[in-house]
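Working notes for the structure below.
The values are calculated or read from the model by the stated rules, or taken from the named source; none is laboratory data. Since the model is a prediction, treat every value here as computed from it, not as a measurement. Glycine also receives a Cβ, built like all others from the backbone with ideal geometry; neighbour counts cover every protein chain displayed. Quick note on the areas: whole protein, heavy atoms, side chains included, nothing else; ligands and nucleic acids left out. Shrake-Rupley method; radii C 1.70, N 1.55, O 1.52, S 1.80 Å.
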Amino acid sequence: MTALQAQPPVTVSVFVQRCSATRLGATLARRLAVWKLDVWGIPYGSGLSDTVALLVAELAANSVLHGRVPGRDFELRLSYAYGTGVVRVEISDTHEARPGPAAVPRPDPEADGGRGLLIVEALAARWGVSDRLGPGKTVWAEAGPLAR
């Protein structure tokens, strides 16, 4: 008879969902993110949940407005490292344009928009852009008590 062996504890949880590259898809991504965080033990309305909701909202909106390729979805990927409390948000799309932390534009103070990446820069401990398998890029941001 084989002895039972204890499995190591789960240290990282991951959630992946493709969403339509529309305003409704961006809204769905934000709602799914806070729901999944709640499932993982980060309650609705907590500081981390609210921060992640804003990060997902801004990155998904940018993907829909600036990274949309007709007929292509964007992908939301969340990961939560239990040991550090860090949540990583990744939004992948198929557009080749690549924003970057060094080139965050400073909009006209009178302009109605153009502050999405400034919000990401202010809220995230770290953020950036990386290649993805296939066309396009992944814009990612990390938040959490030990993310810095």
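Assorted remarks:
- Looking only at residues in segment 67-91 that are in contact with a helix residue (DSSP H, G or I) (Cβ under 9 Å, 6 or more places away or on another chain) and outside any strand (DSSP E or B), the one that is surrounded by the fewest Cβ atoms within 10 Å (Cβ to Cβ) is Gly85.
- Test for Ser63: is it in contact (Cβ under 8 Å) with a residue 24 or more places away in the chain, open to solvent by 30 Å² or more (accessible area, probe 1.4 Å) and of a type in the set (Gly, Ala, Ser): no
- Val52 part of a strand (DSSP E or B) and either out of contact with any Ser or Thr (no Cβ under 8 Å at 6 or more places or on another chain) or aromatic (Phe, Trp, Tyr) (or both): no
- Of all residues making up segment 118-141, the number that are more than 20 Å from His95 (Cβ to Cβ) and either open to solvent by less than 20 Å² (accessible area, probe 1.4 Å) or among the aromatic types (Phe, Trp, Tyr) (or both): 1
- Considering residues of segment 11-27 that are touching a strand residue (DSSP E or B) at 6+ places or on another chain (Cβ under 9 Å) and in a loop (DSSP other than H, G, I, E, B) only, the residue farthest from Ser92 (Cα to Cα): Thr11
- Residues satisfying the stated conditions in segment 28-48, i.e. surrounded by 14 or more Cβ atoms within 10 Å (Cβ to Cβ), under 29 Å from Thr94 (Cβ atoms) and without any contact (Cβ under 8 Å) to a residue 24 or more places away in the chain: Leu28, Val34
- Here is the figure for segment 1-27: residues that are open to solvent by less than 40 Å² (accessible area, probe 1.4 Å) and farther than 19 Å from Gly116 by Cβ total 2.
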